[in-house]
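Just so you know, all these numbers are worked out from the coordinates, no wet-lab data involved. Keep in mind that what you see is a predicted model, and the values were worked out from it rather than measured.
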């Protein structure tokens, strides 16, 4: 895979640089981890200060467009972008919420069908 910088824009208020890359020579859309390693090599930055915003590929095309932000430090990245929840944290939170929101279901009192029929006739 070959990577080229299509555009670069500095954002001094957010302490980051916005990049648009073009990756050629791929048959399928690359994984985020693969793109992250290519971007860090091209920008000469650490993994912890790079944020991949999108990986776009048209059907059947061998070119991929990638939008990424490279921050000046890890603190700036955490200040601007909230940390992502991991799948494990989400899975742990769901059962606790379900238990808290669902009260125990009480069995309904069943009335005999004969009594219901008598009520309707009266």
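A few points about this structure:
- A straight line joining the Cα centroids of segment 57-83 and segment 1-52 runs 6 Å.
- Length added when fully stretched, residue 86-residue 29, from 0.36 nm per residue minus Cα-Cα: 18.3 nm
- Shape class for segment 1-50, computed from the alpha carbon gyration tensor (a ≥ b ≥ c): prolate, with a/c not under 1.5 and a/b above b/c.
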